[in-house]
1. Quickly run through the stretch B:140-183 and pick out the residues that are more than 16 Å from the ligand (Cβ to nearest atom) and in contact (Cβ under 8 Å) with a residue 40 or more places away in the chain.
2. How many residues, within the stretch A:50-79, are within 13 Å of chain B (Cβ to nearest Cβ) and loosely packed, with under 12 Cβ neighbours inside 10 Å?
3. Can you pull out the residues in the stretch A:1-49 that are out of contact with any helix residue (DSSP H, G or I) (no Cβ under 8 Å at 6 or more places or on another chain), more than 13 Å from chain B (Cβ to nearest Cβ) and not in a helix (DSSP H, G or I)?
4. Pairs only if they're at least six apart or on different chains, beta carbon under 7 angstrom, first in the stretch B:94-113 and in contact (Cβ under 8 Å) with a residue 40 or more places away in the chain, second in a loop (DSSP other than H, G, I, E, B) and β-branched (V, I, T); list them, first residue then second.
5. I need a count of the residues in the stretch B:105-122 that are under 12 Å from B:D158 (Cα atoms) and within 15 Å of the ligand (Cβ to nearest atom).
6. Would you mind finding the one in A:G77, A:G52, A:G82 that is farther than 23 Å from B:T196 by Cα and assigned to a loop (DSSP other than H, G, I, E, B)?
7. Please name all residue pairs, on different chains or six or more residues apart, with Cβ atoms under 7 Å, provided the first residue is in the stretch B:1-26 and is over 15 Å from B:Q52 (Cβ atoms) and the second residue is assigned to a loop (DSSP other than H, G, I, E, B) and within 16 Å of the ligand (Cβ to nearest atom).
8. Looking only at residues in the stretch B:192-226 that are within 13 Å of chain A (Cβ to nearest Cβ), part of a loop (DSSP other than H, G, I, E, B) and out of contact with any helix residue (DSSP H, G or I) (no Cβ under 7 Å at 6 or more places or on another chain), which one is nearest to A:L64 (Cα to Cα)?
Amino acid sequence: MTRQQILDLYFMDARSKLIDLAAFLDRVDRAEGEADFRLAAFRAALQELHGGEPQRAKAVLLSLSDPTTEPIAAAPGKGAIGAWHQTH
Amino acid sequence: MRYIEPHGHMVSRTTDDYEAMLTAGCAAVCEPAFWAGYDRSGVQGFYDYFCQLTDYEPKRAAKFGLPHFTWLCINPKESEDTALAADVLGIVPEFLERPNVLGIGEIGLNKNTRNEMKVLEQHIDLAMRHGQMILVHTPHLEDKLKGTRLIVDLLKADARVQPGRVIIDHVEEHTIQHVLDAGFWAGITLYPESKTTPPRAIDMFEVYGGQSVWLNSACDWGRSDPLAVPKTALEMRRRGHSDATIDALIYGNPIRFLSQNPRFHLR
Ligand SMILES: [Zn+2]
């Protein structure tokens, strides 16, 4: 597809998601209290959008991933939360 | 349109879903064993579940004329309890000869723990001793990258494993290349929030190639859409893909992988 066709197909959807992101960050700013590690992880991942290569989705996912390589001793719970937090 | 749903947890879905899938062109559904949303209290719970997957559910699907296949294991979310896992691994072999069983799955990792690794290794060994194919679940969100790497390493370390008989499911942009480079099949899961959306799935298909890839809805008791595969096919049409290309991805590919087990057949 041409760039024009991609824009025709996805621009409105991407625009809507972009405004949602902006509104989410505004909402977080307006709220009170301390943010946990997820906000910093989110802001760091946002920086990946400025990259010049068409690998931004991969870069965002990598940015939010646990980069360690060794299995851990025990499961802290069953779920995942979407951002990695260095605990030790 | 015709398609295969290669990963759907139908015991959690309604008969309306079966009807909708049939109407959309589903030709077969495959159901890997997974977590019930709560921990089963013992091996008897798994015995009953395996009976459901190999007896009751294929009968329910047959009422709609839909062939139903299954994969058996103890899922990674319950693998932290190695004593329970050993008990469950003990009863899996007695179900392997049932006519709708395709192999061992969905095994894998959840939080990437040592116990999960141990149970995964035992599952791989069980599969190899019984000549079974393997369907692997990769962890969620921040745990996926590390888990996928550990899983690929573990599979590659067992010389008996033929990568072409293993599918590593729930790949995303940061894991798909690693899986395909190692010779495994890759599954792309279409979820409303986590995993991938239809546009991203099609991006991956376009960028990384679709020879050894399947699409699935992984519909279960959570937010998921049993029609995610046919809806993605419609999106592919909007992206200019030919009907032949779409058919190869959502119908031909899963058949090519699954037919390595002669038990897999369409009506
Ligand atoms: Zn699943």
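1. Within the stretch B:140-183, B:L150, B:G164, B:R165 qualify.
2. Of the residues in the stretch A:50-79, 9 are within 13 Å of chain B (Cβ to nearest Cβ) and loosely packed, with under 12 Cβ neighbours inside 10 Å.
3. Result: A:A31, A:E32, A:G33, A:E34, A:D36.
4. Here the result reads B:G108/B:T138, each pair linking the stretch B:94-113 to a residue that is in a loop (DSSP other than H, G, I, E, B) and β-branched (V, I, T).
5. Residues meeting the conditions: 0.
6. Going through A:G77, A:G52, A:G82 in turn, the sole match is A:G77.
7. As it stands, the answer is B:E5/B:S217; B:H7/B:A218; B:D17/B:P226; B:A20/B:P226; B:M21/B:P226, since those pairs meet every condition given.
8. If we filter the stretch B:192-226 for residues that are within 13 Å of chain A (Cβ to nearest Cβ), which is where we start, we get B:193-204, B:206-208, B:222.
In the following step, the residues that additionally are part of a loop (DSSP other than H, G, I, E, B) were identified as B:193-195, B:197, B:222.
Still in the running and out of contact with any helix residue (DSSP H, G or I) (no Cβ under 7 Å at 6 or more places or on another chain): B:193, B:195, B:197, B:222.
Working: B:E193: 15, B:K195: 13, B:T197: 18, B:G222: 23 Å.
Applying the filter and picking the extreme gives B:K195.
Throughout, read-outs are computed from the coordinates displayed, never taken from laboratory work. From a predicted model like this one, the values you see are computed outputs, not experimental measurements. Reconstructed Cβ throughout: ideal geometry from the backbone, glycine too, with neighbour counts over all protein chains shown.
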